[in-house]
Amino acid sequence: MEKLILDSISGNYIVSIAIGKKYLKLWNKYFRKNWITYCKKNKIGLIIITKDLIDKKSIYWKKPTWQKLLIGKFLEERYPKKIQNICYLDTD
């Protein structure tokens with residue numbers, strides 16, 4: 001569901017959404033290298049969400065542009081006590 005690209009001992013993370021092969025490919029091509037360099041330099045973790053946070057069959061499913069509002073709850077459930085702060089960055 002998500003790719004933990006870099007871990008962080010500080011609990012600070014940059015999080016973004018690249019759902020679908022097209023968007024993940026573009027992120028890998030244009031952003032990955034610089035984001036990883038930045039995160040390493042500043043000791044920040046990096047998480048890229050690659051799958052819908054809500055199943056497409058659910059009546060509650062929304063496009064990824066709206067699913068970004070669920071990132072905090074998702075990460076809190078997925079990584080309890082590990083993540084202290086997140087910065088959400090759009091991939092576009």
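The values are calculated or read from the model by the stated rules, or taken from the named source; none is laboratory data. None of the values given here were measured: they were computed from a predicted structure. Positions of Cβ are backbone-derived with ideal geometry, glycine not excepted, and every protein chain shown enters the neighbour counts. To get the accessible areas, we keep the full protein, side chains included, count just its heavy atoms, and leave off ligands, DNA and RNA. Shrake-Rupley method; radii C 1.70, N 1.55, O 1.52, S 1.80 Å.
Below is a table of values for the structure above.
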read-out	value
Residue within region 54-63 that is surrounded by 13 or more Cβ atoms within 10 Å (Cβ to Cβ) and closer than 12 Å to Thr91 by Cα present	no
Residue match in region 1-18 (condition: open to solvent by 70 Å² or more (accessible area, probe 1.4 Å), touching a helix residue (DSSP H, G or I) at 6+ places or on another chain (Cβ under 9 Å) and more than 16 Å from Leu89 (Cα to Cα))	yes
Residue in region 35-45 that is part of a loop (DSSP other than H, G, I, E, B) and among the small types (Gly, Ala, Ser) present	no
Check on Asp90, in a loop (DSSP other than H, G, I, E, B), in contact (Cβ under 8 Å) with a residue 12 or more places away in the chain and acidic (Asp, Glu)	yes
Single match in Ile59, Ile47, Ile71, Ile9 (criterion: of a type in the set (A, V, I, L, M) and free of Cβ contacts under 8 Å to residues at least 12 places away in the same chain)	Ile59
Positions within region 74-87 being without any contact (Cβ under 8 Å) to a residue 60 or more places away in the chain and exposed (fewer than 11 other Cβ atoms within 10 Å of the Cβ), in sequence order	Glu77, Pro80, Lys81
Residue within region 71-80 that is within 22 Å of Gly11 (Cβ to Cβ), part of a loop (DSSP other than H, G, I, E, B) and out of contact with any strand residue (DSSP E or B) (no Cβ under 9 Å at 6 or more places or on another chain) present	yes
